[in-house]
Amino acid sequence: MPFSFPWSPRKTSDVLWLDLGDLGDLVNQSGPHEQWQDHGLGLLRTILHRHNVMTDLASTRAVVSWDQLARQMRGYKKLLMNVRSYTFPVALRAARIFKELNPDGICMVGGMHATVALDELEPNRDFDRICQGPGENTIVDLVRDPHAFPRVIRGVGARSMAEWPRIDRTLWPQPVGRKTRRRFHWPLEPACGWGPPPVATVLTSRVCPWQCVFCNENSFIPNMGRRPVDDVIDELNHLDDTHGVGSVVIHDSMFFQNPKWLREWLVKYPRRAKRIWPYWAAARSDTVRQWPDLFEALVRETNWRTISIGFESGSDRMLRMLNKECTVEDNDFAIDLINRIGADLEREGREPPKFWANIMLGVPGETRADAFKTMQMLRRMKYVLPSIAFYAPYPGSALGNQLIAEGKSLMSRDNYHRYPDDEKVKGVDYAFYRELLAGRYDADIDADGSLGGERASDYGRALAKA
Ligand code: B12
Ligand code: SF4
């Protein structure tokens with residue numbers, strides 16, 4: 001008799017893709033960032049299904065207990081997971097359960113953590129195949145015949161995103177429960193304050209070429225061609241026809257790169273898109289300063305409503321230490337420009353663009369004076385959604401690798417990414433930072449009086465998971 005439970009989806013294949021995240025994130029009203037869909041999963045399942053390798057789907061985010069997940073895992077021969085560092089603890093536990101229920105089953109993993117922290121995956125015998133790097137041109141053969149591959153595999157990717165099929169978004173996990181479903185707009189995504197729902201998340205580029213020491217993804221993601229502008233617009237128009245798009249989130253690590261592509265976007269998005277949906281996308285302060293006219297035109301004409309900038313610090317010393325290749329002057333330039341565009345648009349009766357201001361506190365070596373400068377910089381932003389994080393030493397990044405090697409990281413396989421105010425590095429005075437965010441040092445931050453003695457908001461609530 002085929003295996004099925006009234007509370008779990010019907011089993012239609014021997015292959016199960018397990019979407020990863022904290023238990024319950026798609027059941028409860030979790031923060032929107034926990035509810036974003038996984039483009040790696042979406043892309044690879046789309047490729048598999050196009051090749052008639054069908055997969056079922058379960059999600060750790062769509063259950064509230066491990067028992068509930070176990071019921072959905074029994075009877076499968078193959079398990080697939082996209083493992084990032086922050087989902088590694090969940091992947092470990094899920095693989096164990098899968099193996100207990102299906103001792104002959106094969107567990108295959110890929111994703112960022114497999115790429116940057118093989119030493120953490122390899123000793124665990126529950127992982128039968130570990131794919132490092134991209135998976136587009138490996139996944140079909142691997143799932144069809146895992147025994148033809150060694151345990152650790154170098155995946156093969158596409159040369160350009162132009163080769164990627166359009167993701168079939170109905171292959172993404174569904175939210176659970178009437179209330180969450182109503183809010184979610186599946187297979188599009190929920191709103192998070194950046195623009196109206198339904199939200200369409202898209203990727204137009206894959207790798208950021210800079211080398212900030214807390215990130216430097218170009219050291220572990222192979223470079224690939226950007227997605228053609230027309231493709232991106234066609235997909236948005238199609239999503240609007242099928243589901244109705246309210247706003248867009250461009251999930252690229254760095255949207256504001258490659259002026260040639262951006263100029264084409266500037267010309268075509270307002271003309272070819274069915275609506276000029278407001279969108280969220282990322283820039284750097286130095287490139288804003290390098291191409292201010294292009295930047296301003298994009299903000300004004302393409303409805304770039306939420307501008308994510310990794311300001312990180314208001315101290316040149318820290319920016320140099322982070323190899324950010326941006327200076328305080330660059331940061332100030334971007335702040336003044338966006339404040340000015342915002343004021344202009346407001347005068348015209350239009351909605352001003354907002355900063356999504358990424359700020360990093362608690363980097364080893366940061367002094368109190370550095371942190372005060374950072375908070376002062378943040379308070380100069382007029383239209384701002386602060387995204388403040390305590391620095392987290394992720395494997396794969398230069399600084400992360402160094403702190404892990406020195407035994408200073410407090411992020412472990414059991415606790416990669418739990419709560420926003422988790423302590424991440426030994427020797428950092430987190431009590432000071434909590435008080436700083438709560439406003440205890442407002443007088444020091446405004447020591448030169450340039451902020452007019454105004455009280456700041458309680459930034460503790462702006463602390464993001466990192
Ligand atoms: C979009 C994005 C997000 C989104 C959505 C995340 C989501 N649900 O998918 C948001 C904004 C929420 C987010 C948040 C965070 N993110 Co993020 N994010 C990204 C980003 C920019 C794109 C991810 C993506 O879709 N890539 C495209 C897909 C196609 O790639 P992929 O998933 O890696 O899959 C490919 C391969 O890995 C492989 N593969 C994957 N699975 C499998 C499985 C098998 C079996 C095989 C064979 C192959 C395979 O094949 C796929 C196709 O090539 C990446 C950077 C990047 N350029 O990838 C960072 C990144 C993944 N994020 C990162 C981090 C650290 C975070 C945060 C912790 C905060 C922060 N500091 O930025 C938070 C935590 C989120 C949480 N929920 O707790 C790091 C992860 C580092 C690590 N060591 O794991 C990255 C790499 C950024 C960086 N350079 O540091 N993120
Ligand atoms: S922090 Fe931003 S600019 Fe720096 S490497 Fe990462 S994505 Fe690029």
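Read-outs throughout are calculated quantities, based only on the coordinates presented, and are distinct from any laboratory measurement. All values reported here derive from a predicted model rather than from experimental measurement. Note that each Cβ is placed from the backbone with ideal geometry, even for glycine, and that neighbours are counted across all protein chains shown.
Listing for the model above:
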| read-out | value |
| --- | --- |
| Cα centroid separation, the range 202-231 to the range 116-150 (Å) | 23 Å |
| Filtered GluC sites (Glu not before Pro), the range 319-422: DSSP coil and at most 16 other beta carbons within 10 Å | Glu325, Glu348, Glu406 |
| Proximal lysines to Lys260, defined as alpha-carbon separation beneath 24 angstrom and excluding residues fewer than eight positions away on the same chain | Lys268, Lys274, Lys324 |
| Computed over the chain: relative contact order in percent, which uses C-alpha pairs under 8 Å that are six or more apart | 11 percent |
| Relative counts (whole %) of C-alpha pair distances in the range 15-154, using bins that are 10 Å wide | 12, 46, 36, 6, 0 |
| Diffusion coefficient, µm² s⁻¹, Stokes-Einstein with Kirkwood Rh over alpha-carbon pairs of the range 191-303 at 4 °C and 1.567 mPa s | 88 µm²/s |
| Distance from the range 239-272 to the range 19-40 (C-alpha centre basis), Å | 24 Å |
| Where labels lie 7 Å past Cα in the beta-carbon direction, separation of Thr12 and His33 in nm | 3.4 nm |
| Qualifying chymotrypsin sites (Phe, Trp or Tyr not before Pro) in the range 56-157, DSSP loop, other Cβ atoms within 10 Å at most 16 | none |
| Length gained when the stretch Glu122-Arg350 is fully extended (0.36 nm per residue, less Cα-Cα span) | 76.7 nm |
| Net charge dipole size for the chain [Lys, Arg +1 and Asp, Glu -1 on Cβ; Debye, nearest 20] | 1260 debye |
| Normalised per residue, the volume of the convex hull around the Cα set of the range 79-133 (Å³) | 59 Å³ |
| Computed lengthening from Ala70 to Ala431, 0.36 nm per intervening residue step minus Cα-Cα distance | 126.0 nm |
| Size of the range 191-462 as Cα extents on the principal axes (Å, biggest first) | 53, 44, 33 |
| Estimated inter-spin distance, Lys77 and Leu294, nm [label 7 Å along Cα→Cβ] | 5.1 nm |
| Normalised convex hull volume, the chain, alpha-carbon set, Å³ per residue | 146 Å³ |
| Two-site FRET efficiency, Arg272 against Gln174, from Cβ-Cβ distance with R₀ of 25 Å, rounded to 0.05 | 0.20 |
